[in-house]
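Only one structure is covered here, and it is reproduced in the block below.
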Amino acid sequence: MSLEVRAIDESEFREWLLAKRAGFLMPPVIKDEDIADRRPHTDLNRAYGAFDRGRIVATFHSFPQRLSTVGGADLAADAVSAVTVAPTHRRRGLLSRMMAGDLARAKERGDACATLIAAEYPIYGRFGFGVASWTTEWVVDVTRSGLDRRTGEVEGGGRIDLSDGAEIRKVGPGLHRRLAAQRAGITDRTARGWDIGTGNSYPVEPWTEPFYAVYRSAAGEAEGYVAYTADDKWSDQKQPANTAKVRDLVAVTPAAERALWRYVCSVDWITRVRTGYRAPDDVLPLLLPDPRAAQVLTHADMLWLRILDVPKVLEPRTYATEGGLVLDVRDAAGFAAGRYRLDASPEGGSCTPTTAAPDLVLDVAELATLALGDESAVRLAALGRVEEAAAGAAARADLLLRTSRRPWSMDVF
């Protein structure tokens with residue numbers, strides 16, 4: 001019997017959630033409160049299921065998203081999430097069918113790209129996705145960091161105030177958007193996202209209220225905040241051995257970033273700090289007098305990008321210098337295939353179809369790894385993943401495309 005792939009209807013939402021939870025190895029139990037909380041925020045026209053004799057055996061969901069690019073502009077993205085296939089129905093092409101349909105609809109809508117966070121690395125390259133940003137988590141032994149923890153003084157006349165979730169819901173969205181204007185790779189947070197992140201929503205998962213602190217400049221302007229939790233551990237010798245876990249740290253000025261990290265690493269009784277997912281080039285390790293006190297706990301791929309329209313991705317961003325590059329983009333699905341001339345400058349870019357001889361020949365997935373400035377075309381050429389059709393083209397691409405700070409994607413979706 002053939003398997004049907006289609007959008008679900010209202011009566012199938014509970015079963016769809018159960019199938020999704022089972023796919024992620026979460027207990028297949030759904031409360032009525034879960035349904036009531038999730039349903040208003042799920043567009044059923046973009047919630048797909050694969051059906052075998054009436055049972056849902058695969059799930060897929062997408063939703064509109066804004067993705068910051070280099071220079072602060074936003075890209076219209078098709079965010080892919082909730083992708084599961086039941087272990088009884090693997091290797092039957094279900095994901096391929098769901099993905100192909102969703103990407104085709106995103107292309108028709110005019111989305112520049114699609115995004116996702118991959119649970120497993122090998123899956124999504126075959127659909128044209130490439131890794132656009134990486135993430136790192138450190139654990140800091142603050143007792144060996146060399147920081148002077150005896151004073152709470154903040155440099156430059158700024159101050160740190162303890163806060164609560166209500167205030168973060170007021171000041172956080174503005175700070176988050178200011179950060180997105182400074183850093184590529186940041187995805188937007190909805191009002192629901194802020195409610196979930198600050199405990200102002202039905203708790204689908206067990207909720208622990210975090211501590212909040214806001215940094216204000218000497219002029220009194222909020223320029224950053226941190227949310228963190230702490231455990232309660234003491235040694236047999238009655239010495240504190242508590243770990244702080246940073247849930248969220250947003251800072252729009254270097255002074256705010258330095259002050260918030262110093263604050264978290266100086267809280268009494270805290271002997272270790274887990275940083276949460278940060279950009280691989282976060283300032284924290286080098287902020288410590290002894291950077292060896294910050295050990296890498298996790299380093300992995302984060303945001304995957306699938307380019308659907310090359311000009312819509314490359315034109316809105318800015319570039320480090322002026323220059324031109326002809327890209328021959330291969331795309332087996334046909335969404336972004338073509339030859340394009342990029343004329344770039346610090347003010348922006350022009351990307352148009354051309355018949356000129358190419359400088360670089362590359363798959364759309366490799367272009368995705370370059371688009372937000374993170375990867376090196378020279379390194380991709382050394383790996384055989386980019387063909388340098390003109391001598392020195394990879395180095396020229398790096399001068400144009402790479403950024404001084406790496407893209408950072410802070411949210412899992």
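The values are calculated or read from the model by the stated rules, or taken from the named source; none is laboratory data. Worth saying up front: this structure is predicted, and the values here are computed from it rather than measured. Glycine gets a Cβ as well: all are built from the backbone with ideal geometry, and neighbour counts include every protein chain shown. For the accessible areas, the whole protein counts, side chains as well, though only heavy atoms, and no ligand, DNA or RNA atoms are used. Shrake-Rupley method; radii C 1.70, N 1.55, O 1.52, S 1.80 Å.
Are any residues in the stretch 156-192 within 24 Å of ARG405 (Cβ to Cβ), at pLDDT 95 or above, in a helix (DSSP H, G or I) and of a type outside the set (Lys, Arg), and if so, which ones?
Listed by number, the residues that qualify are VAL171, GLY172, PRO173, GLY174, LEU175, HIS176, LEU179, ALA180, ALA181, GLN182.
Here are the criteria: (1) assigned to a loop (DSSP other than H, G, I, E, B); (2) open to solvent by less than 40 Å² (accessible area, probe 1.4 Å). Tell me which single one ARG150 does not satisfy.
Of (1) assigned to a loop (DSSP other than H, G, I, E, B); (2) open to solvent by less than 40 Å² (accessible area, probe 1.4 Å), only one is false for ARG150: (2).
Among residues belonging to the stretch 360-394 that are in a helix (DSSP H, G or I) and of a type outside the set (A, V, I, L, M), point out the one that is most open to solvent (accessible area, probe 1.4 Å).
Selected residue: ARG379.
What pairs come out if I take residues in the stretch 341-359 that are open to solvent by less than 20 Å² (accessible area, probe 1.4 Å) and pair them with residues that are at pLDDT below 95 and part of a loop (DSSP other than H, G, I, E, B) whose C-beta lies under 9 Å away, six or more apart or interchain?
Close Cβ pairs satisfying both conditions: ALA344/ALA320.
Quickly run through the stretch 1-53 and pick out the residues that are out of contact with any His (no Cβ under 8 Å at 6 or more places or on another chain), at pLDDT 95 or above and of a type in the set (Asp, Glu).
GLU4, ASP9, GLU10, GLU12, GLU15, ASP43
I'd like to verify a number: residues in the stretch 131-155 that are acidic (Asp, Glu), touching a helix residue (DSSP H, G or I) at 6+ places or on another chain (Cβ under 7 Å) and modelled with pLDDT of 95 or more, how many?
1
Pairs only if they're at least six apart or on different chains, beta carbon under 6 angstrom, first in the stretch 294-316 and closer than 15 Å to VAL70 by Cα, second open to solvent by 30 Å² or more (accessible area, probe 1.4 Å); list them, first residue then second.
So the pair list comes out as PRO316/ALA73.
Six or more apart or on different chains, Cβ atoms under 6 Å: show the pairs whose first residue is in the stretch 1-13 and open to solvent by less than 90 Å² (accessible area, probe 1.4 Å) and whose second is aromatic (Phe, Trp, Tyr).
Once the first residue is open to solvent by less than 90 Å² (accessible area, probe 1.4 Å) and sits in the stretch 1-13, its partners that are aromatic (Phe, Trp, Tyr) give ALA7/TYR48; ILE8/TRP16.
Restricting attention to the stretch 14-41, report how many residues are open to solvent by less than 20 Å² (accessible area, probe 1.4 Å) and either under 24 Å from TRP194 (Cα atoms) or among the β-branched types (Val, Ile, Thr) (or both).
2
Where the second residue is among the charged types (D, E, K, R) and assigned to a loop (DSSP other than H, G, I, E, B) and the first is open to solvent by less than 20 Å² (accessible area, probe 1.4 Å) and lies in the stretch 319-335, which pairs have Cβ atoms under 6 Å and are six or more apart or on separate chains?
LEU325/ASP359; VAL326/ASP359
Name the residue, out of THR208, THR229, that is closer than 12 Å to ARG247 by Cβ and either more than 22 Å from the chain's Cα centre (by Cα) or in a loop (DSSP other than H, G, I, E, B) (or both).
Going through THR208, THR229 in turn, the sole match is THR208.
Can you go through ARG405, ARG379 and tell me which one is over 30 Å from VAL83 (Cα atoms) and in contact (Cβ under 8 Å) with a residue 12 or more places away in the chain?
ARG405
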